[in-house]
Amino acid sequence: MISSENVENSYQEAKERYAAVGVDTDKVLKELKKVKLSVHCWQGDDIHGFLFPNQELTGGIGVSGNYPGIARTPDELTSDLSEALSLIPGNHKVQLHAIYAVTDKKKDLNDLGPEDFSYWVDWAKKEKVGLDMNGTFFSHSMVKDNFTLASPDKNVRDFWIQHGKISREISNYFGKELGQQSINNFWIPDGFKDNPIDKATPRLRLMDSLDQIIEKKYDEKNTIEAFEGKLFGTGIESYTVGSHLFYNNYAISRNKLWTIDAGHWHPTEDVSDKFSAFLPFGKGLMLHVSRPVRWDSDHVVIFDESLVRIARSLVRDNKLSKTNIGLDFFDATINRVAAWVIGARATQKAILQAMLEPIDQLKKAELNFDFTTRLAETEELKSYPFGAVWDEFCLQNNVPVGTDWLQNIHQYEKDVQFKRN
């Protein structure tokens, strides 16, 4: 157990080190607390949801592992989320999928309503968190030959258009009830396994379907849509209808948000470089922070170079206010609550480290072509005691410091999770 006295002493030393290069750590901690993460609920139950819990995962989605203690009911999932949030410093949001509706009768994706998410709103008010929304366009019998909104079958398109409209209504409900904007994310798995002849028509159908979905106007104070592209997926290796460029253009032309998932790009691409290229034209971004090993494998986020670059890009270019940061991974080989905590805290650490740079000084050196200073200072900063500042942030927010939070996880496993099996 790390004592608060040791944390404070280490922080004061770190504060002096950073002050010497022009960084006010007290101010940085206040800024970091303003950054909300959107924690994804589906890590807790391996994307089963409550509408069709026995439905096989489709759309190129799969979860590996069978660690004991999986959440099986709404109460179990919210209990696990509450435990995770208690170990993550700051105030955050939770992302839902439509399949997490809590209903007292059997419903399909095209006849849900806000009343089916009142359970979540009541829980969110108790936890003092916001809620974001995702329509569920996968793992359903109406996904025909890997097509939904871009299907050549009008009946299929109409089913998913109705679902998209419902997801917007639910997202608007979240925003009104909780007093903060709910991001409504759209991702679809449409595409071809082998080379298509016609690449244009499916995209025209998708554009028309999306236009029908967003036709009704909602107050953006409550909700706004975000559109998520992908390079390719299992079963659609040759052609993805909702490509990055398609959704980039759609988001700009419709004044909506563009979603960038860190795992949806070619492994050699730098995701962080996309932000400054899009934001001068686009309204804003939704991020799905993930960790692709080889490709879109959705490993638990860790404090690696890719995450550091994402954080630096947002902080150095002052784009945090135009960016919604969500988590998106699912690992059933480890404790699922611990996965949330590890991923969220790693993301916050990366943002903190980026904030602890004398950015204005570095930009001035760069503007004067003083690349020697730029390189020397950024290299030295890598070994500065940002960990001591992070510990202080945890202490100020009444969450365990260092690995002390693992004790909470082990106790929660023993008292709650392991009793489920």
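Under the condition of being out of contact with any helix residue (DSSP H, G or I) (no Cβ under 8 Å at 6 or more places or on another chain) and buried (at least 19 other Cβ atoms within 10 Å of the Cβ), the residues counted in segment 307-331 number 3.
Can you confirm whether segment 310-322 contains a residue that is of a type in the set (D, E, K, R), outside any helix (DSSP H, G or I) and in contact with a strand residue (DSSP E or B) (Cβ under 8 Å, 6 or more places away or on another chain)? Looking for residues that are of a type in the set (D, E, K, R), outside any helix (DSSP H, G or I) and in contact with a strand residue (DSSP E or B) (Cβ under 8 Å, 6 or more places away or on another chain), one finds at least one in segment 310-322, hence yes. Of the residues making up segment 274-301, those that are exposed (fewer than 14 other Cβ atoms within 10 Å of the Cβ) and modelled with pLDDT of 95 or more are Ser276, Ala277, Pro280, Phe281.
Filtering Asp198, Asp219 for residues that are more than 20 Å from Thr323 (Cα to Cα), at pLDDT 95 or above and over 22 Å from the mean Cα position of the chain (by Cα) leaves a single hit, Asp198. Output yes when any residue across segment 112-121 is assigned to a helix (DSSP H, G or I) and of a type in the set (D, E, K, R), and no when none is. Yes; the residues of segment 112-121 include at least one that is assigned to a helix (DSSP H, G or I) and of a type in the set (D, E, K, R). Determine whether segment 100-123 contains at least one residue that is within 23 Å of Ala251 (Cβ to Cβ) and under 22 Å from the mean Cα position of the chain (by Cα). Checked against the condition, which is being within 23 Å of Ala251 (Cβ to Cβ) and under 22 Å from the mean Cα position of the chain (by Cα), segment 100-123 yields no hits at all.
In segment 377-386, the qualifying residues are those that are of a type outside the set (Lys, Arg) and free of Cβ contacts under 8 Å to residues at least 40 places away in the same chain, and the one that is nearest to Ala14 (Cα to Cα) is Ser383. Scanning segment 172-201 for residues that are hydrophobic (A, V, I, L, M, F, W, C) and part of a loop (DSSP other than H, G, I, E, B) yields Trp187, Ile188, Ile197.
Note on segment 1-52: among residues that are touching a helix residue (DSSP H, G or I) at 6+ places or on another chain (Cβ under 7 Å), charged (D, E, K, R) and surrounded by 16 or more Cβ atoms within 10 Å (Cβ to Cβ), the one that is modelled with the lowest pLDDT is Asp45.
Table: residues versus (1) at positive phi; (2) touching a Ser or Thr at 6+ places or on another chain (Cβ under 9 Å); (3) not in a helix (DSSP H, G or I).
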{"site": "Ser383", "(1), (2), (3)": "no, no, yes"}
{"site": "Ala388", "(1), (2), (3)": "no, yes, no"}
{"site": "Thr403", "(1), (2), (3)": "no, no, no"}
{"site": "Phe418", "(1), (2), (3)": "no, no, no"}
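Per-residue answers, yes or no, for (1) free of Cβ contacts under 8 Å to residues at least 60 places away in the same chain; (2) within 24 Å of Arg294 (Cβ to Cβ):
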residue	(1), (2)
Gly175	yes, no
Gly191	yes, yes
Arg205	yes, no
Ser209	no, no
Glu220	yes, no
Gly242	no, yes
Ser253	yes, no
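For segment 78-106, name all the residues that are within 23 Å of Ile166 (Cα to Cα), of a type outside the set (Ser, Thr, Tyr) and at pLDDT 95 or above. Once the filter is applied, which keeps residues that are within 23 Å of Ile166 (Cα to Cα), of a type outside the set (Ser, Thr, Tyr) and at pLDDT 95 or above, segment 78-106 yields Lys93, Val94, Gln95, Leu96, His97, Ala98, Ile99, Ala101, Val102.
The values are calculated or read from the model by the stated rules, or taken from the named source; none is laboratory data. Predicted model, so just to flag it, every value in this text is computed and none were measured. Positions of Cβ are backbone-derived with ideal geometry, glycine not excepted, and every protein chain shown enters the neighbour counts.
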